[in-house]
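What follows draws every value from the coordinates through simple rules; no lab data is involved. Source: prediction; values computed, not measured. Glycine gets a Cβ as well: all are built from the backbone with ideal geometry, and neighbour counts include every protein chain shown.
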Amino acid sequence: MIDIKLIRENPELVKNNCKKRVCKIDVDSAIKVDKEWRQIKLKDDSLRAERNKLSKKINEAKKLGEDASKLIQNAKEIPKKLSELEIKEKELRNEREYLLAMLPNLFAKDVPVGGEDKNKVLKKFGKIKKFKFKAKPHWEIGENLGLLDLGRAAKLAGSGFCILRGELAILQRALIQFMLDFHIKNGFEEINCPQIVKSEIVFGTGQLPRFEQDLYKTSGGMYLVPTAEVSVTNLYAGEILNEKDLPKKFCSFTQCYRQEAGKHGAETRGIFRLHQFEKVEMVYVCREEDSWKFLEEMTRHAEKILEKLKIPYQRVILSTGDSGFAAAKTYDLKVWSPYQKKYLEVSSCSNCTDFQARRMNTRYQSKDGKLKLVHTLNGSGLALPRLLIAILENYQQKDGSIKIPSCLWKYTGFKVIKAKLKANLKPKNNGRKKFE
């Protein structure tokens with residue numbers, strides 16, 4: 001959340017931020033409700049002070065044997081007035097908190113202003129391979145190998161899900177272990193965290209209340225995590241850390257669950273956009289003055305993984321209109337797709353400054369004894385299955401086989417996924433009726 005003091009003192013800054021983020025939030029309404037809440041609270045506080053004064057006067061009058069009936073009558077009227085004010089104050093406070101929770105983070109000064117077309121490529125790595133044959137899409141490669149079973153996945157769960165079989169399932173597991181090992185060697189602590197969490201946890205990282213439609217919710221009011229960021233960032237919610245214990249660097253592998261529909265066309269085919277997918281996440285919790293250097297460090301960790309895999313990629317700084325709700329600044333890493341002939345996002349690395357910390361109430365005590373909000377960062381390190389797409393398409397061979405990047409050999413136990421006769425992955429209808 002944004003500091004309410006900043007909204008009161010510089011409302012135009014917040015309005016301008018929303019406008020450049022293409023975020024239609026009525027900042028004036030938030031300011032109006034906040035003003036009304038403060039006025040009611042002031043009356044509430046005045047009544048409580050008056051009640052305390054009357055209580056003292058009544059006690060003094062009784063001690064002196066004076067008539068205190070009028071004072072007692074005045075004191076009896078205060079609880080009713082307080083009750084009415086407290087109800088109104090609570091209503092206004094809840095409305096104010098909701099409106100404040102809908103406001104996005106303030107973007108950094110160097111973030112390009114505009115929509116997706118204003119995203120800026122900052123660097124490129126790797127040489128794009130020129131095939132001597134027509135490059136196939138990942139879904140055709142996987143199905144020809146008998147390793148990507150989309151038909152039976154649809155039978156089990158509907159569209160937006162996949163089944164990886166045999167060597168492709170092993171390859172994904174190898175990538176996960178390879179990435180976790182890489183992060184651990186670079187000073188990260190691995191976290192195995194809950195993947196079903198309370199509503200206040202999802203609120204803490206900014207998915208609630210604004211993006212509830214994108215989340216999977218259980219009948220008990222819990223939420224399936226859309227990313228490990230949600231659980232791991234909230235590890236210290238409501239706590240006060242010591243400055244000497246910062247930074248904290250975590251990596252975590254989880255399933256991720258998202259209801260978002262996504263785009264149309266090639267990006268809905270195969271395993272590009274799924275409701276359930278796997279990801280290794282990086283999370284930083286640090287001092288406010290260190291967060292920008294850690295954004296660069298975190299992004300470089302993700303880039304180094306792609307460099308070890310020898311996959312062409314580019315780093316992009318996202319514009320104000322394309323940045324995430326909680327992020328002050330985001331770098332996207334995109335890998336080359338030979339079939340689509342464009343780069344596909346495989347990682348987003350963001351500095352959320354103190355935005356999430358204020359929602360979670362996570363602070364640290366500095367050396368001078370002051371309490372400060374921590375800064376939080378998160379980044380994909382990296383996201384599957386788009387990493388699988390990049391390997392299948394960039395390492396495909398003319399005979400239909402797939403070479404495995406050499407850094408993964410010790411994890412897979414094989415160097416090549418050999419070509420096979422085209423597998424029949426279409427599930428047969430055995431007359432089983434749909435349950436109704």
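Quick notes on this one:
- Between Lys118 and Asn242, the simple spin-label model (points 7 angstrom out along Cα→Cβ) gives 4.5 nm.
- Helix 27-63 and the longest principal axis of the C-alpha atoms of the chain enclose an angle of approximately 40°.
- For a straight C-alpha distance cut-off of 15 angstrom, the aspartates and glutamates reachable from Lys88 (same-chain residues fewer than eight places away being disregarded) are Asp34, Glu36, Asp44, Asp45, Glu97.
- Computed over neighbours whose Cβ is under 13 Å from that of Leu208, the net charge equals 0, Lys and Arg +1, Asp and Glu -1.
- Over the stretch 4-101 - Rg/Rh using Cα atoms and the Kirkwood inverse-distance radius: 1.26
- For the chain: rounded, prolate or oblate by the Cα gyration tensor [a/c cutoff 1.5]: prolate
- Each stretch of four or more DSSP H residues adds -39500 (n - 2.57); spread over every residue of the chain, this sum gives -12500 deg cm²/dmol at 222 nm.
- Fewest-first ordering of Trp292, Trp37 by other beta carbons within 10 Å of each residue's beta carbon gives Trp292, Trp37.
- Label-point gap, in nm, between Lys342 and Lys88 - each point 7 angstrom along Cα→Cβ: 5.5 nm
- Against the main long axis of the alpha-carbon atoms of the chain, helix 69-101 sits at an angle near 20°.
- Convex hull volume of the Cα atoms of the stretch 180-283, normalised per residue: 121 Å³.
- Counting 0.36 nm for each residue step from Leu13 to Gln73 and taking away their Cα separation leaves a gain of 16.6 nm.
- Cβ-Cβ FRET estimate between Phe211 and Lys420, R0 fixed at 30 Å, reported to 0.05: 0.10
- Modelled spin-label separation between Lys304 and Lys127, with each label point placed 7 Å from Cα along the Cα-to-Cβ direction: 2.5 nm.
- Protection proxy ranking, peptides 45-51, 398-404, average beta carbon neighbours within 10 Å, highest first: 398-404, 45-51
- As a length-normalised measure over Cα pairs under 8 Å and 6 or more apart, the relative contact order of the stretch 288-397 settles at 27 percent.
- A simple packing score, the average count of other Cβ atoms within 10 Å per residue, orders the peptides 199-212, 136-149 as 136-149, 199-212, with the highest score first.
- Nearest-ten-degree value, helix 291-309 long axis tilted from longest Cα axis of the chain: 20 degrees
- Maximal additional length on extending the Cys23-Asp290 stretch stands at 93.3 nm, based on 0.36 nm per residue less the C-alpha distance.
- Separation of alpha-carbon centers, the stretch 304-361 and the stretch 75-107, rounded to whole Å: 38 Å
- When DSSP beta bridges are restricted to pairs lying wholly in the chain, around 90% turn out antiparallel.
- Computed lengthening from Trp409 to Asn52, 0.36 nm per intervening residue step minus Cα-Cα distance: 120.9 nm
- Relative to one another, the C-alpha centroids of the stretch 1-15 and the stretch 375-390 are positioned 32 Å apart.
- The fewest-to-most ranking of Asp44, Asp245 by surrounding Cβ atoms within 10 Å reads Asp245, Asp44.
- Given Lys20/Lys120; Lys19/Lys120; Lys41/Lys80; Lys304/Lys420; Lys123/Lys310, the pairs whose alpha carbons are separated by over 24 Å: Lys304/Lys420
- Packing rank of 353-359, 89-95, 311-317, 77-83, where each peptide gets the mean count of other beta carbons within 10 Å, highest leading: 353-359, 311-317, 89-95, 77-83
- Under the Karplus curve 6.51 cos²θ - 1.76 cosθ + 1.60, θ = phi - 60°, whole-Hz ³J(HN,Hα) for the stretch 316-327, x wherever Gly or Pro sits: 10, 8, 7, 6, 4, x, 10, 7, x, 4, 8, 8
- Residue exposure proxy: Ser55, Ser69, ordered by other Cβ atoms within 10 angstrom of their Cβ from fewest to most, comes out as Ser69, Ser55.
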